[in-house]
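Participant: Before I ask anything, here is the structure I am working with.
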Amino acid sequence: MTDQIFYTDLMAFFKTNDQVAINYQLKGNPTGQTIIFVEGYSGNEATWCAQISDFIQAGFRVLTYDRRNHGHSQTVPFGMQIARHGMDLAELIAKLNLKKPILIGHSMGAGTIFAYLSLFGCNNIQALVTEDQSPKAISDDNWPFGLFNANWQNFSKKARLIATTKLTRLTINDDIKRALGLAYSSYQPFDFQFNYPLLIDSLVQDWRPEIKNETVRHLFLAGSASPLWSCEHAKSAASLNPLAEDYVFQGTGHIPHLESPKEFNQLVINFIHNNNN
């Protein structure tokens, strides 16, 4: 095992205990509360470009990173389990010696956070924000908020629809589009087929027990027009724990932080300030 951290001109990397290079960026007030943004499936750290400035101006230290097989992080044919992604997050927190960070995850980034919690609990976490991710992605009689209403018989087939589904409903700002375009031009295209085992492993999880055991504040977010699942998943998830609350962005699809960034940023900053004790 190594805890080496090494640098290039544009980014920093650390190596996990199974020797995978993970790209990260740490910006903002060195003494401020650290916020870790975790991107969704097929995304990368650039998808948080509309958040970084506002959160830094609010006094936070902002950490973004690319999960393994995403963005500038190393692509490998192993670690295709959401639990391994949770471990990678834990190793990043440990290697940077972060105390009580706030975790914000979109889609599978939320799943990564739930996986972290299943392994390590909330002892070193200040608060949680998860965005448009049903904690159970397969519908049944007691949980009607699965991916495309998938059930155990058809969820694998439904999962493949993600690659061709338009995820947004509101028009994304031109400046954000340009920033994303520049960033994505520097990445290798994401390989949906290669990473399909990770997607399936993530979708078969049921994170509701983790939610019930949480001991910190948790804000569940959803887009009212998300193409993946009913926005009611946020309210139902929040009902599992008295420390949780929910909010629905009206008119947005699956990515409110890009479709309605000012609303997202102000809402989350207020949530943190109101619960940062």
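The values are calculated or read from the model by the stated rules, or taken from the named source; none is laboratory data. No experiment lies behind these values; they were computed from the predicted model shown. FYI the Cβ positions are ideal-geometry reconstructions off the backbone, even for glycines, and counts take in every protein chain you see. What goes into the accessible areas is simple: the full protein's heavy atoms, side chains included, and nothing from ligands, DNA or RNA. Shrake-Rupley method; radii C 1.70, N 1.55, O 1.52, S 1.80 Å.
Participant: From the residues in region 116-160 that are more than 12 Å from the chain's Cα centre (by Cα) and among the acidic types (Asp, Glu), which one is least open to solvent (accessible area, probe 1.4 Å)?
Facilitator: Taking the candidates together, the pick is Asp140.
Participant: Could you list, in sequence order, all residues of region 244-255 that are open to solvent by 30 Å² or more (accessible area, probe 1.4 Å) and either of a type in the set (Val, Ile, Thr) or at pLDDT below 95 (or both)?
Facilitator: Correct list: Val248 only.
Participant: Look at Leu258 and say whether it is modelled with pLDDT of 95 or more, closer than 27 Å to Cys122 by Cα and surrounded by 16 or more Cβ atoms within 10 Å (Cβ to Cβ).
Facilitator: On the way: modelled with pLDDT of 95 or more: yes; closer than 27 Å to Cys122 by Cα: no; surrounded by 16 or more Cβ atoms within 10 Å (Cβ to Cβ): yes.
It is false that Leu258 is modelled with pLDDT of 95 or more, closer than 27 Å to Cys122 by Cα and surrounded by 16 or more Cβ atoms within 10 Å (Cβ to Cβ).
Participant: When the residues of region 140-190 are filtered to those that are among the charged types (D, E, K, R) and in contact (Cβ under 8 Å) with a residue 40 or more places away in the chain, which remaining residue is nearest to Leu228 (Cα to Cα)?
Facilitator: Pass one, region 140-190, residues among the charged types (D, E, K, R): 140-141, 157-158, 160, 166, 169, 174-175, 177-178.
Those left that are additionally in contact (Cβ under 8 Å) with a residue 40 or more places away in the chain: 166, 169.
On the way: Lys166: 10, Arg169: 12 Å.
Among them, the one singled out is Lys166.
Participant: Let me ask something additional. Considering only region 81-90, how many residues are out of contact with any Ser or Thr (no Cβ under 8 Å at 6 or more places or on another chain) and either within 15 Å of Ala21 (Cα to Cα) or without any contact (Cβ under 8 Å) to a residue 24 or more places away in the chain (or both)? Full working, then the answer.
Facilitator: Here is the first cut: in region 81-90, the ones out of contact with any Ser or Thr (no Cβ under 8 Å at 6 or more places or on another chain) are 81, 84, 90.
From what is left, the residues that are either within 15 Å of Ala21 (Cα to Cα) or without any contact (Cβ under 8 Å) to a residue 24 or more places away in the chain (or both) are 84, 90.
Residues that pass the stated criteria total 2.
Participant: Is it the case, given these coordinates, that Asp66 is open to solvent by less than 50 Å² (accessible area, probe 1.4 Å), in contact with a Ser or Thr (Cβ under 9 Å, 6 or more places away or on another chain) and at positive phi? Give the steps one after another, and end with the answer.
Facilitator: Working: open to solvent by less than 50 Å² (accessible area, probe 1.4 Å): yes; in contact with a Ser or Thr (Cβ under 9 Å, 6 or more places away or on another chain): yes; at positive phi: no.
No; evaluated as a whole, the condition is false for this residue.
Participant: Quick one: in region 91-115, which of the residues that are within 19 Å of Ala21 (Cα to Cα) and within 14 Å of the chain's Cα centre (by Cα) is surrounded by the most Cβ atoms within 10 Å (Cβ to Cβ)?
Facilitator: Thr112
Participant: The conditions are (1) open to solvent by less than 40 Å² (accessible area, probe 1.4 Å); (2) in contact (Cβ under 8 Å) with a residue 40 or more places away in the chain, and Tyr196 fails exactly one of them. Which is it?
Facilitator: (2) is the only condition that Tyr196 fails.
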